[in-house]
1. Could you list, in sequence order, the residues of region A:392-445 that are hydroxyl-bearing (Ser, Thr, Tyr) and either in the same structural domain as A:ALA41 (by TED's automatic domain parsing) or touching a helix residue (DSSP H, G or I) at 6+ places or on another chain (Cβ under 9 Å) (or both)?
2. Can you work out which of the residues in region A:114-127 that are of a type in the set (A, V, I, L, M, F, W, C) and touching a residue at least 24 places away in the same chain (Cβ under 8 Å) is nearest to A:PHE30 (Cα to Cα)?
3. For the condition touching a Pro at 6+ places or on another chain (Cβ under 8 Å) and at the interface with chain A (Cβ under 8 Å from one of its Cβ atoms), what is the one hit in B:GLN204, B:GLN195, B:GLN200?
4. From the list A:TRP333, A:TRP297, A:TRP266, exactly one residue is in the same structural domain as A:ALA217 (by TED's automatic domain parsing) and not in a helix (DSSP H, G or I). Which is it?
5. Kindly indicate whether A:LEU378 is more than 14 Å from chain B (Cβ to nearest Cβ), assigned to a helix (DSSP H, G or I) and buried (at least 20 other Cβ atoms within 10 Å of the Cβ).
6. Out of all the residues in region A:269-294, which are within 10 Å of another protein chain (Cβ to nearest Cβ) and either under 30 Å from A:THR224 (Cα atoms) or not in a helix (DSSP H, G or I) (or both)?
7. Would you confirm whether any residue within region A:120-130 is aliphatic (A, V, I, L, M) and in contact with a helix residue (DSSP H, G or I) (Cβ under 6 Å, 6 or more places away or on another chain)?
Amino acid sequence: MLMKYLFAKNDEIPAGSATIFFGFSSIFWFVVGTGLGSFNAAKLAFPDWVTGTELFAFGHMRQVHVLAVIIGWISMAFGMTMMYMTPALGNTKLWSEKLGLWTVFLWNIGLSLGLLLLWMGITSGREYNDLIWPIDLVVIFGVLLPLGINVWMTIAHRKTQGIYITNWFFGACIFMVMIVFLVGQSPELFNLTGLTEAYLTFWFAHNVLGLWITPVAAAIAYYTIPKLTGNPLYSHRIGHLHFWAIIVFYSTPASHHLMSAPLPEWLKSFASVEGVLILIPAVAFVANILLTMKGKWTMFVENVETKFSITGVLLAIPLNMQGGFQQTRAINWYVHGTGWIVAHAHLALLGMSSFLEAAAVYFGLQQMLRRKLYSLTLANLHYWFFIVGFCIYWISMTIAGLIQGAGKIYEVPYIDVVVAEHPYMIARWVGGTMVFTGNVVWLFNMWMTAREGTLVPEGRYAHELAYER
Amino acid sequence: MAFRRHKFGSAGIGLMFGFSMCITLFGPSNDFRSGVSTWVGLDKQLSLGRVIGFSYEDPTVSGDGKPITVILNKDPKTGVAIDPPIRAYVYKPGVKFSPGVNHPELLGPGVEDLSMRDGKISSASMSSGAVFTVSKGVFNDEEVDYIENASATRGWTPDKTLRTAGDANSRYVGKGKTIYISEGCWWCHTLLPEQTQDWQMFGQPPFLGDFNGEMPTAFGSDRKAPDILHVASRNSSREWMTMHFFNPRLVQPNSIMPRFDYLWGKQDANGNSIDFAKWRADYSDYLHGKRIYAPEVPEPARDSEVRALIDWILTSLK
């Protein structure tokens with residue numbers, strides 16, 4: 001069906017097609033990404049499990065997991081939300097449904113190719129920037145640019161007077177992440193070397209998170225929560241504080257990832273202070289959303305999209321408290337390079353961000369398919385597998401990180417730390433596997449929604465209808 | 001509340017984002033430029049070549065087109081003994097030079113001047129290949145290490161130098177680091193002892209000039225395993241490394257490192273094909289107490305990947 005629409009006239013493509021293809025692609029990559037995560041975690045717990053084969057070695061799989069989740073699941077879910085939220089907020093239709101479909105098509109092709117190459121060990125050797133530069137150029141010009149053109153043109157053709165905060169984020173973040181990708185590629189394109197390369201690697205890694213993943217995830221919540229609850233956003237002005245503070249503060253602290261490298265000390269101190277200031281947009285966001293929930297807190301229990309969305313917002317609280325302070329010199333020396341950081345990264349991507357996106361994907365797919373969710377029971381199963389699995393993962397890795405930190409400081413022989421971490425590695429695998437299982441349930445539930453969900457009548461929202469199963 | 005029109009919107013984003021880019025990109029670049037290469041930095045870039053990881057000369061990231069580091073105990077041209085032995089970096093014809101040779105300004109003030117004036121690096125040509133060494137000189141009353149193009153200053157040719165050193169004294173350092181990257185060793189090991197007590201355990205942290213011309217640096221961020229920047233100072237046994245790579249649990253029962261037996265390839269050093277299935281069955285018997293000793297680890301072939309990897313570890317990580 002995708003092939004048919006790719007060469008159809010734009011007017012003949014039903015509205016919402018791009019959203020639907022993006023939505024299912026993102027869930028698919030979430031299943032793949034978390035499946036790989038579970039596989040990798042098993043190897044850390046039981047090193048002789050699937051051994052001696054190059055392609056299934058940990059070092060070949062780890063980066064495939066990370067990028068499948070970031071570029072496959074999270075970014076595609078962003079693409080999906082942009083395809084339906086941007087026009088809805090501008091009271092118009094998507095500028096080009098066809099371009100949207102081409103974007104999702106190229107995205108899947110480019111990502112599959114990139115991950116295949118990474119899997120074979122063809123890498124640039126730069127963390128988060130592992131994709132070789134030709135693939136990165138595909139990401140920039142084959143994925144981000146068309147996505148951006150669609151979003152920017154939809155915003156430009158809006159039929160509303162102002163631009164809602166969500167669209168501010170969408171428009172600006174695509175622009176910024178393109179710049180970040182271009183600058184992040186410069187060491188490979190222009191053979192920049194040494195500390196410049198090391199710094200740019202983490203400049204890229206930090207800014208992809210700070211100018212793409214967290215702000216766009218927050219922007220999604222600015223749409224879903226008011227839409228689901230029917231409450232207007234508590235304060236558009238606090239939303240603006242969030243937006244501008246992200247631009248100013250979140251784009252600067254890249255070097256706090258390299259506090260122990262021989263970078264200029266002024267840069268590290270500057271980054272550390274700016275890193276604490278990230279709490280400004282963070283607190284603005286959380287407060288704004290939680291205040292928007294006023295009078296509608298029953299929906300946190302009763303409505304599955306709200307449940308996902310608010311869980312994501314609540315997870316932003318520990319996320320930002322950790323993030324704001326763990327990068328200061330006082331704490332960083334203890335936790336840097338340990339499982340604590342792994343736990344924190346999963347709190348950001350699997351906790352806060354993924355829950356917000358899952359809510360938006362649930363909501364948007366029902367909306368665009370015009371079908372009510374197939375089964376509430378399965379959705380709740382997904383939720384509980386997701387949150388319990390995540391918590392097991394997060395808590396066990398945090399403990400493992402503190403053990404590693406203590407081992408580092410008290411000069412415990414490294415192998416004793418490995419022994420001490422073993423139970424937490426098993427817990428990590430159990431948690432990750434639960435998340436993976438929940439996602440398989442989700443994919444099934446969404447597939448059944450598309451086939452058998454009750455049709456939503458014209459002029460109604462899916463979440464206004466009662467659940468049937 | 002009605003929406004206000006934000007006329008400064010897009011310009012504001014550009015201004016603020018541009019400002020933060022200036023601070024975080026333009027600012028540090030000045031500091032990086034002033035870094036003077038140390039011996040470690042020069043040794044690293046000369047032994048690794050232009051770039052590790054995906055590149056035109058090595059699109060499959062398997063270690064092609066990299067220089068070879070050799071230990072010389074006599075002069076390849078005159079045959080005069082060199083004591084103590086020195087390292088030379090052999091670039092066969094067509095192998096791309098390291099960034100510092102192509103762009104001497106990367107070497108930092110002083111090192112650049114001496115490498116150009118005394119080291120004659122600008123006369124090195126890729127098509128005929130070159131041999132480099134690191135020499136000591138004095139610049140502005142300070143002792144600095146600089147790159148010497150031994151092909152120009154001493155008449156050493158790549159072929160002759162390789163022949164003089166022989167395979168026993170050749171170290172496939174560039175290929176070894178490539179395998180470190182492509183096998184994802186750096187997902188667990190770091191190359192950056194931290195400025196904490198782990199100095200005592202893992203050795204001193206690197207200096208500013210230790211990285212000039214290295215790409216990628218691959219510090220690593222998640223330390224599931226020991227830092228290995230100075231691992232060869234702690235353990236320099238090739239035999240131990242060989243066993244540890246084949247199956248880490250042969251020498252460290254609690255290790256969670258994967259087995260890298262596939263880096264041996266199909267044949268061992270004597271040209272016999274390696275029977276991995278039999279080895280695993282024997283090892284399983286050993287684990288279950290049916291054998292007293294673990295099976296012997298095959299000796300790696302001369303051109304095997306694991307040989308290059310161990311070469312890199314024992315030569316560069318000191």
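The values are calculated or read from the model by the stated rules, or taken from the named source; none is laboratory data. Worth saying up front: this structure is predicted, and the values here are computed from it rather than measured. Neighbour counts run over all protein chains shown; Cβ positions are idealised from the backbone, glycine included.
1. We begin by selecting, within region A:392-445, every residue hydroxyl-bearing (Ser, Thr, Tyr); these are A:393, A:396, A:398, A:410, A:414, A:424, A:433, A:437.
Once the filter is applied, which keeps residues that are hydroxyl-bearing (Ser, Thr, Tyr) and either in the same structural domain as A:ALA41 (by TED's automatic domain parsing) or touching a helix residue (DSSP H, G or I) at 6+ places or on another chain (Cβ under 9 Å) (or both), region A:392-445 yields A:TYR393, A:SER396, A:THR398, A:TYR414, A:TYR424, A:THR433, A:THR437.
2. Step one: filter region A:114-127 for residues of a type in the set (A, V, I, L, M, F, W, C), giving A:115-120, A:122.
When the remaining residues are screened for being touching a residue at least 24 places away in the same chain (Cβ under 8 Å), the result is A:115, A:118-120.
On the way: A:LEU115: 14, A:LEU118: 18, A:TRP119: 17, A:MET120: 21 Å.
Within region A:114-127, the match that is nearest to A:PHE30 (Cα to Cα) is A:LEU115.
3. Checking each option against the conditions leaves just B:GLN195.
4. One residue alone meets the criteria, A:TRP297.
5. yes
6. Correct list: A:GLU274 only.
7. No; the residues of region A:120-130 include none that is aliphatic (A, V, I, L, M) and in contact with a helix residue (DSSP H, G or I) (Cβ under 6 Å, 6 or more places away or on another chain).
Per-residue answers, yes or no, for (1) at the interface with chain B (Cβ under 8 Å from one of its Cβ atoms); (2) over 23 Å from the mean Cα position of the chain (by Cα); (3) assigned to a helix (DSSP H, G or I):
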{"site": "A:LEU147", "(1), (2), (3)": "no, no, yes"}
{"site": "A:MET153", "(1), (2), (3)": "no, yes, yes"}
{"site": "A:PHE169", "(1), (2), (3)": "no, no, yes"}
{"site": "A:GLU197", "(1), (2), (3)": "yes, yes, yes"}
